[in-house]
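The values are calculated or read from the model by the stated rules, or taken from the named source; none is laboratory data. Not measured: the values here are computed from a predicted model. Glycine gets a Cβ as well: all are built from the backbone with ideal geometry, and neighbour counts include every protein chain shown.
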Amino acid sequence: MKRHILIAAAAVSTSAAPAFAHLNPAEHGSLMAGLSHPFFGADHVLAMVAVGLWAAQIDGRALWTIPAGFVATMALGFAFAVTGTPLPLVEPVILASVVAFGLIVATAVRLDAAKAAAVVGVLALFHGHAHGGEIGAAEIAPFAAGFMVATALLHAAGIGLGILLGKLSGNKALARLLGGFTAAAGAVLMLG
């Protein structure tokens, strides 16, 4: 069992890589720039994986409604940004979402799938707006498709990790511990 815990911990620690420069759409194409974009920020990686962990904790319909709610509302936030519709405090809300999602997982908040999707949707609006504000020279549709697919993949990684951790600990204690780590990491990002 210790080996499985070490593997899970290594996977999580390497998934939260430091921020690197985003791919240049002129060199790599707008789709690849969008696809890579969420992977280059610790705030995005931590938040997306935590959303998947929460979906795994709730289980059932939540496995698809929570990620779908996030991605759909994130697309709306992206549309707001590219059409010039402002949102207040985008970056602070994104950082707060990392802490919030971490705390939700750490305390294993139980909501029905629709309410949980609404909770993540509110915060996803800000994540989408940030992506729209960072589009640069990329074409809108391919960039949006890329970051939406990448977000769904990060959610799927969180779901898979949550299911694996639940099977390893038998009571989902490891997922809760990871939620606490996520909240702490979000707090560090807020201070940095």
Do we have any residue at all in region 86-101 that's surrounded by fewer than 16 Cβ atoms within 10 Å (Cβ to Cβ), of a type in the set (A, V, I, L, M, F, W, C) and assigned to a helix (DSSP H, G or I)?
no
What single numbered condition from (1) over 12 Å from the mean Cα position of the chain (by Cα); (2) closer than 22 Å to residue 172 by Cβ; (3) of a type outside the set (Val, Ile, Thr) fails to hold for residue 67?
(1)
Kindly check whether there is at least one residue in region 177-190 that is in contact with an Asp or Glu (Cβ under 6 Å, 6 or more places away or on another chain), part of a helix (DSSP H, G or I), surrounded by fewer than 23 Cβ atoms within 10 Å (Cβ to Cβ) and in contact (Cβ under 8 Å) with a residue 24 or more places away in the chain.
yes
Being at pLDDT 90 or above and either touching a helix residue (DSSP H, G or I) at 6+ places or on another chain (Cβ under 6 Å) or of a type in the set (S, T, N, Q) (or both) is the filter here; which residues of region 158-173 pass it?
158, 159, 162, 163
Could you list, ordered by first residue, the pairs with Cβ atoms under 6 Å in which the first is in region 51-66 and over 11 Å from residue 162 (Cβ atoms) and without any contact (Cβ under 8 Å) to a residue 12 or more places away in the chain and the second is polar (S, T, N, Q) and surrounded by 20 or more Cβ atoms within 10 Å (Cβ to Cβ), at least 6 apart or interchain?
none
For residue 144, indicate whether it is surrounded by 21 or more Cβ atoms within 10 Å (Cβ to Cβ) and part of a loop (DSSP other than H, G, I, E, B).
no
